[in-house]
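Novice: This is the structure I have questions about; it appears just below.
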Amino acid sequence: MVLEILHGGLANTTQLYFFAIAAWGLWRFFRKQSVDSSYRGALVIAEILLLSQGLIGAILFFTGHSPARGVHFLYGAFVAAIIPGVYAYTKGSEGRSEMLIYGAATLIAAVLIMRAIITGEVVV
């Protein structure tokens, strides 16, 4: 029960955090700024949140709790791969165009997190 509450609360926190860093990234792009150490640190925190969410979800799954729909796992795995995928795609560059890519990718991730929350809810 406690892990379910933690998993749900962390999902909401992660979603809001991703919307915040998406807005920040797009704001930086439109101000003609590039990726800096502060933004990169925010991306690391985002990935840690996702991995924590996945670990709690795995514990719940292996203790007999499962989401309403199996596609919930697909959303989670895809979202967790977005930031490392963008980093690999941009080869770690920190230019202005990379700022747009990170901003757009985190916005897409925020929407996918919202969808994962919806698919994970048990319909009564």
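The values are calculated or read from the model by the stated rules, or taken from the named source; none is laboratory data. Computed from a predicted structure; not experimentally measured. Quick reminder, even Gly has a Cβ in these numbers, built from the backbone with ideal geometry, and neighbours come from all protein chains shown.
Novice: Quick one: which residue in GLU94, GLU98, GLU121 is touching a helix residue (DSSP H, G or I) at 6+ places or on another chain (Cβ under 7 Å), more than 20 Å from LEU51 (Cβ to Cβ) and in contact (Cβ under 8 Å) with a residue 40 or more places away in the chain?
Specialist: Details: GLU94 fails: touching a helix residue (DSSP H, G or I) at 6+ places or on another chain (Cβ under 7 Å); GLU121 fails: touching a helix residue (DSSP H, G or I) at 6+ places or on another chain (Cβ under 7 Å).
Residue meeting the stated conditions: GLU98.
Novice: Also: Going through segment 90-124 one residue at a time, which ones are surrounded by 21 or more Cβ atoms within 10 Å (Cβ to Cβ) and among the polar types (S, T, N, Q)?
Specialist: Correct list: THR106 only.
Novice: Follow-up. Can you find, within segment 57-89, the residue that is nearest to GLN15 (Cα to Cα) among those that are surrounded by 17 or more Cβ atoms within 10 Å (Cβ to Cβ) and among the β-branched types (Val, Ile, Thr)?
Specialist: Selected residue: VAL79.
Novice: What tally of residues in segment 67-124 results from selecting those that are closer than 18 Å to PHE18 by Cβ and part of a loop (DSSP other than H, G, I, E, B)?
Specialist: Within segment 67-124, residues that are closer than 18 Å to PHE18 by Cβ and part of a loop (DSSP other than H, G, I, E, B) number 0.
Novice: For segment 41-66, what are the residues that are in contact (Cβ under 8 Å) with a residue 12 or more places away in the chain, hydrophobic (A, V, I, L, M, F, W, C) and closer than 20 Å to LEU16 by Cα?
Specialist: ALA42, LEU43, ILE45, ALA46, LEU49, LEU50, LEU51, ILE56
One line per residue, one yes/no per condition, for (1) part of a helix (DSSP H, G or I); (2) at pLDDT 95 or above; (3) not small (Gly, Ala, Ser):
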site: ALA11; (1), (2), (3): yes, no, no
site: ALA20; (1), (2), (3): yes, yes, no
site: GLY25; (1), (2), (3): yes, yes, no
site: VAL35; (1), (2), (3): no, no, yes
site: VAL44; (1), (2), (3): yes, yes, yes
site: LEU50; (1), (2), (3): yes, no, yes
site: ILE56; (1), (2), (3): yes, no, yes
site: PHE61; (1), (2), (3): yes, no, yes
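Novice: Evaluate segment 70-89: report whether one residue or more is farther than 18 Å from VAL35 by Cα and more than 18 Å from the chain's Cα centre (by Cα).
Specialist: Here is the first cut: in segment 70-89, the ones farther than 18 Å from VAL35 by Cα are 70-81.
From what is left, the residues that are more than 18 Å from the chain's Cα centre (by Cα) are 70.
Yes, that holds for at least one residue.
Novice: Which residues, taken from segment 101-114, are in contact (Cβ under 8 Å) with a residue 12 or more places away in the chain and either under 17 Å from LEU49 (Cα atoms) or of a type in the set (Ser, Thr, Tyr) (or both)?
Specialist: Matches in segment 101-114: TYR102, ALA105, THR106, LEU107, ILE108, ALA109, ALA110, LEU112, ILE113, MET114.
Novice: Sticking with this one: Among the residues of segment 22-41, how many are crowded, with 17+ Cβ neighbours inside 10 Å, more than 23 Å from HIS72 (Cα to Cα) and of a type outside the set (Lys, Arg)? Quick ask: steps written out before the conclusion?
Specialist: Narrowing segment 22-41 to residues crowded, with 17+ Cβ neighbours inside 10 Å: 22, 24-26, 28-29, 35, 39.
Now drop any that are not more than 23 Å from HIS72 (Cα to Cα), which leaves 24-26, 28-29, 35, 39.
This time we only want the ones that are of a type outside the set (Lys, Arg), so: 24-26, 29, 35, 39.
Total meeting the criteria: 6.
Novice: Here is a follow-up. Do we find a residue being acidic (Asp, Glu) and either at positive phi or in contact with a helix residue (DSSP H, G or I) (Cβ under 7 Å, 6 or more places away or on another chain) (or both) anywhere in segment 22-38?
Specialist: Applying the first criterion (acidic (Asp, Glu)) to segment 22-38 yields 36.
Those left that are additionally either at positive phi or in contact with a helix residue (DSSP H, G or I) (Cβ under 7 Å, 6 or more places away or on another chain) (or both): none.
No.
Novice: Restricting to segment 18-43, count the residues that are more than 14 Å from TYR102 (Cβ to Cβ) and among the hydroxyl-bearing types (Ser, Thr, Tyr).
Specialist: 0
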